[in-house]
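Below is one structure, written out as structure tokens; comments come after it.
The values are calculated or read from the model by the stated rules, or taken from the named source; none is laboratory data. What you see is a predicted model, and the numbers here were worked out from it, not measured in a lab. Note that we place each Cβ from the backbone using ideal geometry, even for glycine, and neighbour counts take in every protein chain shown. Protein only, heavy atoms only, side chains kept; ligands, DNA and RNA dropped before computing areas. Shrake-Rupley method; radii C 1.70, N 1.55, O 1.52, S 1.80 Å.
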Amino acid sequence: MQPEVAVAVLSAGVALACALVSAIASHRTTVASYELQQQADRQAKRDLAEELFRRYREPLLWSAQSLQSRLYNGISLGFLSRYLCSGDAEEQRYARDNTVFVLAEYLGWLEIIRRDQRFWDRKKLETVEPLFDAIGRSAHILASDSVTGPFRLFRGQQRALGELMLVRDESPQGGGLEVMGYAAFCGKLDNDPQFAKWFDRLRAEVDTVESAGHDGNTRLIKLQDNLLDLIKLLSPEGSPLAVTEQKRLPAMRGPLPEL
């Protein structure tokens, strides 16, 4: 082989080896970058899930607790019969309007979550999917015409009542939406006829809750049961709201009917 040919062949071999080494190095870099990006995406998902829990856990937890407690006390312990029938005018109003308020307060927090949910990718939030499922079941129970009991609310009505409960947080650290308190709610009932008419039927149906007993309150018994499941998901370890400390209304826990 002539020297020129040998040099050319050797040069080609060296070039090929360099290209191969470069390709292998580039592939390894690409794989490493991909794995780092995957790790970063997983961390971002965890961070977002933690942010969602941090932002909404406490208000949603306590509103769910207030509602389930009122349902339990009203249906099982005679709270409504005691104060609607035997209380003075102030106690009667509290029993009726505060019962409606705790439902509306819960719907208000759900509306805030739904509004923020528009900007979330549910597929990237597997860790909070059980929370969304529990929230969805409560909406299902309230809307279903396959269970008996007062407080039936179509999904659009649920959202409308939740929307009416929203106020702007004017604190220096605020700026977002929150749910109005009971005093503001009573003030709106007294002074805003357009606001009050949205709640007229529910206020009247509080008396139905009181008179229907267990057999006529299937919807609210199922709702209380589902709220306890939601509280369990939201309660941090060691919380006084641990589900073992909550009492469920006696009812069959069969599957919910399809809407």
## Note on the structure
Here the residues within segment 43-91 that are at pLDDT 80 or above, farther than 22 Å from residue 249 by Cα and over 22 Å from the mean Cα position of the chain (by Cα) are 85, 88, 89, 90, 91
### Query
Looking only at residues in segment 216-245 that are open to solvent by 60 Å² or more (accessible area, probe 1.4 Å) and assigned to a helix (DSSP H, G or I), which one is modelled with the highest pLDDT?
232
### Query
Does residue 136 satisfy the criteria of being closer than 11 Å to residue 219 by Cα, modelled with pLDDT under 95 and either crowded, with 16+ Cβ neighbours inside 10 Å or under 15 Å from the mean Cα position of the chain (by Cα) (or both)?
no
### Task
Test residue 97 against the criterion of being open to solvent by less than 60 Å² (accessible area, probe 1.4 Å), in a helix (DSSP H, G or I) and modelled with pLDDT under 90, and give yes or no.
no
### Task
May I ask you to list pairs of residues, at least six apart or on different chains, whose Cβ atoms are under 9 Å apart, with the first in segment 78-103 being at positive phi and the second being open to solvent by 10 Å² or more (accessible area, probe 1.4 Å) and modelled with pLDDT under 95?
78/210
### Summary
Flagged pairs (Cβ under 7 angstrom, 6 or more apart or on separate chains; first in segment 187-213, touching a residue at least 12 places away in the same chain (Cβ under 8 Å) and within 22 Å of residue 152 (Cβ to Cβ); second open to solvent by 20 Å² or more (accessible area, probe 1.4 Å) and of a type in the set (Ser, Thr, Tyr)) are 210/81
### Task
Answer yes if at least one residue in segment 12-20 is farther than 30 Å from residue 97 by Cα and at pLDDT 75 or above, and no otherwise.
yes
### Query
Is there a residue being more than 21 Å from residue 114 (Cβ to Cβ) and modelled with pLDDT under 95 anywhere in segment 175-183?
no
